[in-house]
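This report refers to the structure that appears directly beneath it.
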Amino acid sequence: MRRDVLELRQFYASELGRAARAMVVRKVVESWGDGRGLDILGLGYATPFLHPLRPAARRVVAAMPAQQGVEVWPHGERNLACLTAEDALPFKNALFDRILAVHALEESPDPAALLREVWRVLAPSGRVIVAVAARNGVWGAAESTPFGHGRPYSRRQLGELLREAELEPSGWTRALYVPPAPWLARWAEGFEQVGSRLWPGFAGLMLMEAVKQTFAVKPKGVRVRARVLRPALAPAPLGGAPVSRAPAGSPARAPLERGPERLSLQATLAVRAFSGDEAP
């Protein structure tokens, strides 16, 4: 079950939430820059991390799952947020150059279907950053924060999930080394600098970037039986003359066997004269 949008907004209004937002925004800006001239989509609850990208981007839109709820964003301006189903985003194919997914996969009933929708609305060679709670981090077990709910991921698990959606991972990083205690939030920057060097495996969040790659599809050949028409008069085979066949039912004869023909009268007289017989 997803956290309610009011609970998420309350967390990011706290000192610990502001520290988490600063750490994640730094990683996003390092990867994407200021997003100049790009169409950007925030999926899940990504609005706290989209503010640095709005001034230079061409378009910034926030899509929030129906189970979570939606809020008006940005406050006091024209609304850019919408409520949507996870497996049917209301956008055209290949619309966005960049997609940032935060609080999207951990509590999704079907993460694979959600990422397939990400692939659909992502432009060719577009890039997506997915931020999730790290499996071996302390934030994944802290139920007092939104990252302590749902499924945390390891690097291998997240990479396999992205590849199933035909998104090729191109890089990853860690963030949020400060323990999830409100009284430690003021030292979050110091924890970030020291933790990335001394205990990198205990970060609270993992961010993985993936690229949509499209390839030309070559049609496969299909065998089809060709109909060959036989001519009415077939040519004779090479190497010999046509052979005539005896009618069916006629007795077979030896090559030099004579039949019971009657001799002519002159032939009979000649034979008897030669043998000494008298004529009748």
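Scan segment 164-175 and tell me whether some residue there is within 21 Å of the chain's Cα centre (by Cα) and part of a loop (DSSP other than H, G, I, E, B). Give the derivation first.
Kept after step one, since they are within 21 Å of the chain's Cα centre (by Cα), are these residues of segment 164-175: 164-172.
Add one more test, that the residue is part of a loop (DSSP other than H, G, I, E, B), and what stays is 165-166.
Yes, there is a match, as at least one residue in segment 164-175 is within 21 Å of the chain's Cα centre (by Cα) and part of a loop (DSSP other than H, G, I, E, B).
Quick one: in segment 67-93, of everything that is surrounded by fewer than 17 Cβ atoms within 10 Å (Cβ to Cβ), polar (S, T, N, Q) and in contact with a Lys or Arg (Cβ under 8 Å, 6 or more places away or on another chain), which residue is farthest from Val121 (Cα to Cα)?
Gln67
Counting just the residues of segment 99-120 that are under 13 Å from the mean Cα position of the chain (by Cα) and not basic (Lys, Arg), which one comes out surrounded by the fewest Cβ atoms within 10 Å (Cβ to Cβ)?
So the first thing to find is which residues in segment 99-120 are under 13 Å from the mean Cα position of the chain (by Cα), and the list is 112-120.
In the following step, the residues that additionally are not basic (Lys, Arg) were identified as 112-115, 117-119.
Details: Ala112: 13, Ala113: 15, Leu114: 22, Leu115: 26, Glu117: 20, Val118: 24, Trp119: 19.
Going through the qualifying residues, I end up with Ala112.
If Arg98 satisfies every condition in (1) more than 25 Å from Ala181 (Cβ to Cβ); (2) among the charged types (D, E, K, R); (3) assigned to a loop (DSSP other than H, G, I, E, B) but one, which is the exception?
The number of the failed condition is (3).
With the requirement that a residue be under 22 Å from Leu16 (Cα atoms) and among the polar types (S, T, N, Q), what does segment 39-77 give you?
Thr47, Gln68 - these are the residues of segment 39-77 that are under 22 Å from Leu16 (Cα atoms) and among the polar types (S, T, N, Q).
Only one of (1) open to solvent by less than 60 Å² (accessible area, probe 1.4 Å); (2) part of a helix (DSSP H, G or I); (3) at pLDDT 90 or above fails for Leu184. Which number is that?
Result: Leu184 passes all but (3).
Can you tell which of Gln193, Gln157 is of a type in the set (S, T, N, Q) and touching a residue at least 12 places away in the same chain (Cβ under 8 Å)? Please lay out each step first, then the result.
Working: Gln193 fails: touching a residue at least 12 places away in the same chain (Cβ under 8 Å).
On inspection, the qualifying residue turns out to be Gln157.
Could you please find all residues in segment 113-160 being in contact with a helix residue (DSSP H, G or I) (Cβ under 7 Å, 6 or more places away or on another chain), at pLDDT below 95 and over 20 Å from Met23 (Cβ atoms)?
None; the set is empty.
Working only within segment 121-146, note down all residues that are hydrophobic (A, V, I, L, M, F, W, C) and either more than 24 Å from Leu184 (Cα to Cα) or surrounded by fewer than 21 Cβ atoms within 10 Å (Cβ to Cβ) (or both).
Kept after step one, since they are hydrophobic (A, V, I, L, M, F, W, C), are these residues of segment 121-146: 121-123, 128-134, 138-139, 141-142.
Within segment 121-146, Val121, Leu122, Ala123, Val128, Ile129, Val130, Val138, Ala141, Ala142 meet the criteria.
Does Ala203 qualify as being surrounded by 13 or more Cβ atoms within 10 Å (Cβ to Cβ), within 30 Å of Glu117 (Cα to Cα), touching a Leu at 6+ places or on another chain (Cβ under 9 Å) and touching a residue at least 24 places away in the same chain (Cβ under 8 Å)?
Details: surrounded by 13 or more Cβ atoms within 10 Å (Cβ to Cβ): yes; within 30 Å of Glu117 (Cα to Cα): yes; touching a Leu at 6+ places or on another chain (Cβ under 9 Å): yes; touching a residue at least 24 places away in the same chain (Cβ under 8 Å): yes.
Yes.
Looking at segment 147-159, which of its residues are open to solvent by 90 Å² or more (accessible area, probe 1.4 Å) and under 30 Å from Asp4 (Cβ atoms)?
Taking segment 147-159 and keeping what is open to solvent by 90 Å² or more (accessible area, probe 1.4 Å), we get 151, 155-156.
Scanning segment 147-159 gives Arg151, Arg155.
List every residue pair whose Cβ atoms sit under 7 Å apart, with the two residues 6 or more apart in sequence or on different chains, where the first one lies in segment 16-39 and is in contact (Cβ under 8 Å) with a residue 24 or more places away in the chain and the second, anywhere, is basic (Lys, Arg) and not in a helix (DSSP H, G or I).
Trp32/Arg98; Gly35/Arg98; Leu38/Arg58; Leu38/Arg98; Asp39/Arg58; Asp39/Arg59
Where residues in segment 160-177 are under 26 Å from Gly195 (Cα atoms) and in contact with a Phe, Trp or Tyr (Cβ under 8 Å, 6 or more places away or on another chain), which of them is surrounded by the most Cβ atoms within 10 Å (Cβ to Cβ)? Give the steps one after another, and end with the answer.
Within segment 160-177, the first condition is being under 26 Å from Gly195 (Cα atoms), and the residues that meet it are 169-177.
Checking which are in contact with a Phe, Trp or Tyr (Cβ under 8 Å, 6 or more places away or on another chain) leaves us with 176-177.
Details: Leu176: 30, Tyr177: 25.
Filtering first and then ranking leaves Leu176.
Which one of the conditions (1) touching a residue at least 40 places away in the same chain (Cβ under 8 Å); (2) under 21 Å from Leu105 (Cα atoms) does Ala66 fail to meet, given that it meets all the rest?
For Ala66, the failing item is (1).
The values are calculated or read from the model by the stated rules, or taken from the named source; none is laboratory data. Predicted model only: the values in this text are computed from it and were never measured. Glycine also receives a Cβ, built like all others from the backbone with ideal geometry; neighbour counts cover every protein chain displayed. We work out accessible area using only protein heavy atoms, side chains counted, and drop any ligands, DNA or RNA first. Shrake-Rupley method; radii C 1.70, N 1.55, O 1.52, S 1.80 Å.
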